[in-house]
1. Considering only residues of region 40-63 that are at pLDDT 85 or above and out of contact with any helix residue (DSSP H, G or I) (no Cβ under 8 Å at 6 or more places or on another chain), which is nearest to A152 (Cα to Cα)?
2. Only one of R34, R19 is part of a helix (DSSP H, G or I), modelled with pLDDT under 90 and more than 30 Å from A159 (Cβ to Cβ); which?
3. Restricting the search to region 60-90, which residues are touching a Lys or Arg at 6+ places or on another chain (Cβ under 9 Å) and either assigned to a strand (DSSP E or B) or exposed (fewer than 13 other Cβ atoms within 10 Å of the Cβ) (or both)?
4. Considering only residues that are assigned to a strand (DSSP E or B) and hydroxyl-bearing (S, T, Y), look in region 91-139 and name the one that is surrounded by the most Cβ atoms within 10 Å (Cβ to Cβ).
Amino acid sequence: MNASLREPVDASHRQRVLRALGLTPWVRRAPANRPVGEAQPASGIVAGTSAGADCVVILPAGCTTRELDLLGRALSAGGAMLARAARLTVSDGQLAASVPEARAYLVFGEAQAHALGRGLPAAALHRAQIVLADEPSLLLTRADAKRRLWSALRSLRRALATAGD
């Protein structure tokens, strides 16, 4: 069959054929025709940090690749809500960016908890579920730190699930 002789297929026919094949068509959420000069959304540390976020992860600055990999895998195991959580870093006792209000905060280390306390208003601290975990460097070397991380993730998931109802 010659490709030039084919007639274009309309959208309704395409939908019927895909449904008959048992395929779910995916629809692109972002506009496909973005101007060339327009900046892409940031995919870095503070992505998705709008007000009313579900969870924010507070990390110490200077985490190694192994530590970040371990944390990424642990957060992914905690579910999509935790895997997509915004991540902020603390250096010299100060947060690298402004802290968004969220329903829950997962804080790695006591110094990061103090920085979070200084960065959020008291009302936001009172409303939020704050879960403290060990520093990422301890997670690589100590089994009890990993155990505490898993229990922290479990309690955080429960808190987010009950708050979402």
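The values are calculated or read from the model by the stated rules, or taken from the named source; none is laboratory data. Remember, predicted model here, so these are calculated numbers, not experimental data. Reconstructed Cβ throughout: ideal geometry from the backbone, glycine too, with neighbour counts over all protein chains shown.
1. V56
2. Result: R19 is the single residue among R34, R19 that is part of a helix (DSSP H, G or I), modelled with pLDDT under 90 and more than 30 Å from A159 (Cβ to Cβ).
3. none
4. Quick first cut of region 91-139, residues assigned to a strand (DSSP E or B) only: 91, 94-95, 102-108, 129-133.
Those still in the list that are hydroxyl-bearing (S, T, Y) too: 91, 105.
Numbers: S91: 11, Y105: 26.
My answer is Y105.
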